[in-house]
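This report concerns only the one structure given below.
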Amino acid sequence: MDTPTGGVMAGRSLIDTLKEKFSSEIVDSGLFRGELTLVVRKDTIVEVIRYLRDELTFDMLKDLCGVDRFPDRPRFEVVYHLYSSKHKEGLRLKASLDEGEKICTIESIWKGANWYEREVFDLFGIVFENHSDLRRILLWDEFDGYPLRKDFPTEGRDFEKPTFPEG
């Protein structure tokens with residue numbers, strides 16, 4: 001697609017293009033201060049992101065992060081920040097999931113997602129299905145809990161346990 005994605009009007013046409021292609025997969029969309037956000041069903045995130053990269057020239061994964069919406073349900077969001085170098089335009093994708101649910105990895109689209117997804121797994125406990133190496137990246141393996149969850153105690157789990165692993 002060779003239509004620019006910049007600006008409010010172009011943002012609306014991008015939404016229309018995506019709704020035409022993925023009518024049942026797009027849950028919500030919004031434009032705020034020139035930034036486009038799409039909420040998509042978690043089960044189709046790989047298909048939507050691949051289409052954005054291959055057909056709409058969103059060629060860069062700028063960031064991928066987790067959000068804990070506790071006590072709301074679904075509890076978590078995985079947020080993907082994409083960028084089109086060609087059109088100099090960003091796009092935010094969100095996919096919601098509840099505790100215990102999984103979301104597919106996007107490693108097959110961007111290898112750099114490996115580290116972002118590991119960080120989200122480590123700090124929120126969100127599992128990325130088919131990830132090539134899903135293990136903790138910032139905390140040690142025996143660490144109990146996920147420190148960026150809203151229900152994680154700010155003072156830590158137990159002051160009797162050492163803060164760092166013995167060794």
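The values are calculated or read from the model by the stated rules, or taken from the named source; none is laboratory data. These figures come from a predicted structure and were not determined experimentally. A quick note on method: Cβ atoms are made from the backbone with ideal geometry, for glycine too, and the neighbour counts reach across all protein chains shown.
Scanning the range 57-82 for residues being at negative phi and either modelled with pLDDT under 95 or not in a strand (DSSP E or B) (or both) gives a total of 9. Scanning the range 2-42 for residues that are at pLDDT 80 or above and surrounded by 14 or more Cβ atoms within 10 Å (Cβ to Cβ) yields a count of 19. Just give me the residues in the range 88-104 being among the small types (Gly, Ala, Ser) and over 10 Å from the mean Cα position of the chain (by Cα), in sequence order. GLY90, GLY100 - these are the residues of the range 88-104 that are among the small types (Gly, Ala, Ser) and over 10 Å from the mean Cα position of the chain (by Cα). The single condition among (1) at pLDDT 95 or above; (2) crowded, with 16+ Cβ neighbours inside 10 Å that HIS87 does not meet is (1). Selection of the range 105-132 for residues being in contact with a Phe, Trp or Tyr (Cβ under 7 Å, 6 or more places away or on another chain) and at negative phi yields THR105, GLU117, PHE121, LEU123, PHE124, ILE126, VAL127, PHE128. Among the numbered conditions (1) in contact with a strand residue (DSSP E or B) (Cβ under 9 Å, 6 or more places away or on another chain); (2) over 23 Å from ASN130 (Cα atoms), the only one that PHE32 does not meet is (1).
Of all residues in the range 53-61, one or more are over 19 Å from THR17 (Cα atoms), touching a Phe, Trp or Tyr at 6+ places or on another chain (Cβ under 6 Å) and among the aliphatic types (A, V, I, L, M). Every condition in (1) part of a loop (DSSP other than H, G, I, E, B); (2) modelled with pLDDT of 95 or more holds for PRO147 except the one numbered (2). With respect to ILE106, is the statement that it is assigned to a loop (DSSP other than H, G, I, E, B), hydrophobic (A, V, I, L, M, F, W, C) and in contact (Cβ under 8 Å) with a residue 60 or more places away in the chain true? The answer is yes for ILE106. Name the residue that is surrounded by the most Cβ atoms within 10 Å (Cβ to Cβ), counting only residues in the range 109-138 that are small (Gly, Ala, Ser) and part of a loop (DSSP other than H, G, I, E, B). Once the filter is applied, the top-ranked residue is GLY125.
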